[in-house]
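J.: There's a structure below that I have some questions on.
The values are calculated or read from the model by the stated rules, or taken from the named source; none is laboratory data. Model, not experiment: these values are computed from the prediction. Cβ atoms come from the backbone with ideal geometry, glycine included; neighbour counts cover every protein chain shown. All accessible areas refer to the heavy atoms of the entire protein, side chains included, with ligands and DNA or RNA removed. Shrake-Rupley method; radii C 1.70, N 1.55, O 1.52, S 1.80 Å.
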Amino acid sequence: MGSLLMLMVLVALAGVVAINFYNIAGDGASTHPLMAKISLESCEGGLFNDGPQNKRATLENNTIVLLHEGGSSLPVDAISIKISGYGNSYHGIADGNGTKIVGNAEIFYENLSLTGKNPTYYLVNNKATLEDGSWNVGERLVLCGKDSAVGATKSSVKVSVDGDSDTSDNYGFKVGSEIIIKVVDTKSSNVIAEQRAIVKHYEG
């Protein structure tokens, strides 16, 4: 009888240990940080409607191309991008009667999904990446100064200049200036990749 009770206790303890190990392993998998090698292929643009004519560019001419070269597939709804540098935006409507503002610009892509973005540019430039909801190895991500949502749709691209966030959420960067790009895991706030680039004039 005593041996039987001892055996039952050992079986119960083994079950508890197995369950705890499974939970720990499961937690570890769910919190595993996203890791990827992201390279910068190109960075072109120029301030729009400001400065010398030969160094200007349109909003859509301001483009940053990033290449996923290895590591985790990055879910587009769980990745944000921060860009900082000397640039410009508008109070009001960029293509209308807005007031131009120039200074230290901060651009924040809340996520990489199509939600809150301009499909004319963001969808067309990133169709392959958006199709399966993940930024995968070998795929390019193209960011454009006119990615912000149009009309009454709330934009998921936020732009501030010298701390002023009351902008059209469109952007351009000064030719010859340096910008910093950070790809961030939104859930953990870990920086997956950071790149610096000198803005080249858009050549078409």
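J.: So in the stretch 83-113, with the set limited to residues that are free of Cβ contacts under 8 Å to residues at least 24 places away in the same chain and over 15 Å from L47 (Cα atoms), which one is least open to solvent (accessible area, probe 1.4 Å)?
T.: G96
J.: Here's a follow-up. Hey, among the residues in the stretch 129-151 that are without any contact (Cβ under 8 Å) to a residue 40 or more places away in the chain and of a type in the set (D, E), which one's surrounded by the fewest Cβ atoms within 10 Å (Cβ to Cβ)?
T.: Step one: of the stretch 129-151, the residues without any contact (Cβ under 8 Å) to a residue 40 or more places away in the chain are 131-132, 147-151.
In the following step, the residues that additionally are of a type in the set (D, E) were identified as 131-132, 147.
Details: E131: 9, D132: 12, D147: 30.
Looking at the filtered set, the residue picked out is E131.
J.: Something else about it: Can you name every residue in the stretch 36-55 that is open to solvent by 80 Å² or more (accessible area, probe 1.4 Å), in contact with a Leu (Cβ under 8 Å, 6 or more places away or on another chain) and closer than 30 Å to E139 by Cβ?
T.: Passing the criteria: only E41.
J.: Scan (1) at pLDDT below 95; (2) open to solvent by less than 80 Å² (accessible area, probe 1.4 Å); (3) under 29 Å from S73 (Cα atoms) for the single condition K187 breaks and write down its number.
T.: K187 satisfies all of (1) at pLDDT below 95; (2) open to solvent by less than 80 Å² (accessible area, probe 1.4 Å); (3) under 29 Å from S73 (Cα atoms) except (2).
J.: Being open to solvent by 70 Å² or more (accessible area, probe 1.4 Å) and either touching a residue at least 12 places away in the same chain (Cβ under 8 Å) or on the phi > 0 side of the Ramachandran plot (or both) is true for just one of K154, K158. Which residue is that? It would help to see each step written out before you state the result.
T.: Values: K158 fails: open to solvent by 70 Å² or more (accessible area, probe 1.4 Å).
Unique residue meeting the criteria: K154.
J.: Filter the stretch 144-159 down to residues that are more than 18 Å from S84 (Cβ to Cβ) and among the charged types (D, E, K, R) and give me whichever is farthest from the chain's Cα centre (by Cα).
T.: Looking at residues that are more than 18 Å from S84 (Cβ to Cβ) and among the charged types (D, E, K, R), I get K154.
J.: Do the conditions hold for K117, that is, is it charged (D, E, K, R) and open to solvent by 70 Å² or more (accessible area, probe 1.4 Å)? Let's see the steps before the verdict.
T.: Details: charged (D, E, K, R): yes; open to solvent by 70 Å² or more (accessible area, probe 1.4 Å): no.
No: the conditions fail for K117.
J.: I've got another one for you. I'm told H68 meets every condition in (1) part of a loop (DSSP other than H, G, I, E, B); (2) touching a helix residue (DSSP H, G or I) at 6+ places or on another chain (Cβ under 9 Å) except one. Can you identify the failing condition by its number?
T.: (1)
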